[in-house]
Amino acid sequence: MYIVQVATELTPVAKEGGLADVIQGLSRELVRAGHTVEIILPKYDCLHKGALQDLRIESPQFVVKRGGGTLSNTLFSARVDRLKVWLIEPQGPEHFFKRRTIYGGADEIERFLYFSQAAVQALLHLGKRPDILHLHDWPTALVALLIEQLPVEARPRGVVLTIHNIHHQGQGGLDLLEKAGIALTEELKHGTEINLLKAGIEHSSQVTTVSPEYLKEMEGAKGGCGLEGVVKKHRSKICGILNGIDADFWNPSSDRYLDFHYTTEQINQGRLPQVLEGKSLVKAQLCQRMGMNPSKEIPLAAAITRLVPQKGPSLLKHALYRTLEQGGQFLLLGASPIPSIQAEFEALQKECLKGTQARIIMETDESLAHQIYAASDLFLIPSLFEPCGLTQLIALRYGSIPVARLTGGLVNTVFDIDTSPLPSAKRNGFTFDDPDTHGVNWALDRDLACYKEKRERWQSLMLQGMRDDWSWKQTTPAYLEVYRRAL
Ligand code: ADP
């Protein structure tokens, strides 16, 4: 099959969160399975250019018609970890992607509306007719509608939209369409505004979301965020497929960002001491660099997250204090686009620097993220809602035991050691129901106590988590099935 992904993120060149990992991991698994995959991205100024190979201008400029005239674009091609990528760069002063960040800003919707138009024109310009055009979230959802305006022989054979987070829908005033030169349709309108995600759901041949539990939530008034009616109307073409992780990129035995490695093969050969030794070397190196005192006797808890309300920042803060009270250590890697949250965690960061038991790093740093997954013993995910969540899957692979709130994809992936109805061999972490401090304490205290007082049980739980396969190999066949239905 020939699949083109139209996306706004791709690990490691343009990453804001899990979407980037999904585009990378799913695409690489599809390629491994023998399919052809290409990815269309905006050529952001903030791309990590070091990760782009063979970057070149691909063709003469192509033009996109807008409300007030036309705009020329340069089309680049490149490779990212062997994946073929097309990059679109609008010309002239009105350069939509000349920003320091991927998202945000007053013209965010206008920018991605433009990108959707430009992606359609790029396909036409290249004379490409994919079997499947795979769209992701509101920024590219409108492509499903725009593509229908092409002659039948130029359209892709099937269009699939994946909803990674229904909280963000691309809503804005009707004037945005006028600026873009796009006619208003019933499917585009939601209340008094336009809603790009809604248009994508209405016009795509098939729709997926990122976990079975999140699909259930999206059908309800709370989880559907105003689109529950649209979800229910199209329920027969929507399915929930769990995200996976890229088993090469996230691999403790060969991780490009680690100086010390440990492997699942060692576990399978019963060589637990080697695994523990590998983890403790990473921990010692990282803690020393951070100015903390590493110790095999002290559990190191960690969280790696965007600091936004969805991720429960106040619960993370509480978890940090609670871990210290219980004699543990804490590392938090996270940045916030919200000034008040950023300020709150900067204050906490300063407070932590007075001691040696906790550190907060307020950056986006892929390399450090890998080191923290490998060094940590426990991993916190106290999300208020979580469509799938990847950090718990990565943590499990690196032998860090999740403490997770039971919501969305966390319900499908983290199974409590004491309360899960699953057989004990499937249980892999500590969970809680209510997103409050009592919930956090209940799960976190049990994890810390298990580490300190029942080390053998803790180690067998860790090994169990490392053995389980949460890679894209498991879930890509379900995507292929959706693609076949779309065709
Ligand atoms: P979301 O997509 O909602 O942000 P996910 O759990 O699906 O959450 O994916 C988060 C991804 O982003 C993971 O790969 C995680 O390691 C990464 N990540 C989050 N914050 C940071 C950070 N500050 N630095 C590096 N990587 C981060």
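The values are calculated or read from the model by the stated rules, or taken from the named source; none is laboratory data. Since this is a predicted model, take the numbers as computed values, not measurements. Cβ coordinates were reconstructed from backbone atoms using ideal geometry, including for glycine residues, and neighbour counts include every protein chain displayed. Note: accessible area is taken over every heavy atom of the protein model, side chains too, but ligands, DNA and RNA are not part of it. Shrake-Rupley method; radii C 1.70, N 1.55, O 1.52, S 1.80 Å.
Counting protein heavy atoms only, the chain has 51 percent of its accessible area on carbon and sulfur, 1.4 angstrom probe. Length gained on full extension, L150 to V31, computed as 0.36 nm times the residue gap minus the Cα-Cα distance: 40.0 nm.
Normalised by 2.2 N^0.38 Å, with N the number of residues, the alpha-carbon radius of gyration of the chain equals 0.99.
Checking the Cα-Cα distances for K43/K84; K237/K311; K49/K84; K198/K222; K296/K317 against a 19 Å cut-off, the pairs over it are K237/K311; K296/K317.
Please give the peptides 49-56, 440-447, 455-462 ranked by average Cβ packing (other Cβ atoms within 10 Å per residue), highest first, as a rough proxy for protection.
440-447, 455-462, 49-56
Between the residues H261, Q392, L406, the greatest Cα displacement towards the positive end of the dipole of the chain, with unit charges on the Cβ of Lys, Arg, Asp and Glu, is found for H261.
On a per residue basis, the chain carries 39 Å² of accessible surface, using protein heavy atoms and a 1.4 Å probe.
In the chain, the longest principal axis of the Cα atoms and the axis of helix 472-486 are about 20 degrees apart.
State whether region 1-155 is rounded, prolate or oblate according to the following rule on the C-alpha gyration tensor (a ≥ b ≥ c being the square roots of its eigenvalues): a/c under 1.5 gives rounded; otherwise a/b larger than b/c gives prolate, and the remaining case gives oblate.
rounded
Peptides 465-475, 359-369 ordered by packing proxy, namely the average of other Cβ atoms within 10 Å per residue, highest first: 465-475, 359-369.
If R₀ is 60 angstrom, what is the calculated FRET efficiency for the pair K65 and E265, using the beta carbon separation as r and rounding to 0.05? The value I calculate is 0.60.
Taking each DSSP H run with n ≥ 4 as -39500 (n - 2.57) and averaging over every residue of the chain yields -11500 deg cm²/dmol at 222 nm. If one takes the longest principal axis of the Cα atoms in the chain, at what angle in degrees, from 0 to 90 and to the nearest 10, does the Cα axis of helix 339-352 lie? Compared with the principal axis, the helix lies near 20 degrees.
How much length is gained if the chain between H95 and D365 is pulled fully straight, taking 0.36 nm per residue apart and subtracting their Cα-Cα distance, in nm to one decimal?
94.5 nm
A simple packing score, the average count of other Cβ atoms within 10 Å per residue, orders the peptides 176-186, 3-13, 25-35, 121-131 as 3-13, 25-35, 121-131, 176-186, with the highest score first. For region 405-476 versus region 115-144, the spacing of their alpha-carbon centroids is 39 Å. Measure nothing but the geometry: give the 0 to 90° angle between the long axis through the Cα atoms of 437-453 and the longest principal axis through the Cα atoms of the chain, rounded to 10°. It is inclined by approximately 50 degrees. Note down the net charge around A404, summing +1 for each Lys or Arg and -1 for each Asp or Glu among other residues with Cβ under 10 Å from its Cβ. Within the 10 Å Cβ shell, the charges total -1. Of the GluC sites (Glu not before Pro) found in region 93-161, those in coil by DSSP whose Cβ has at most 15 other Cβ atoms within 10 Å are E94.
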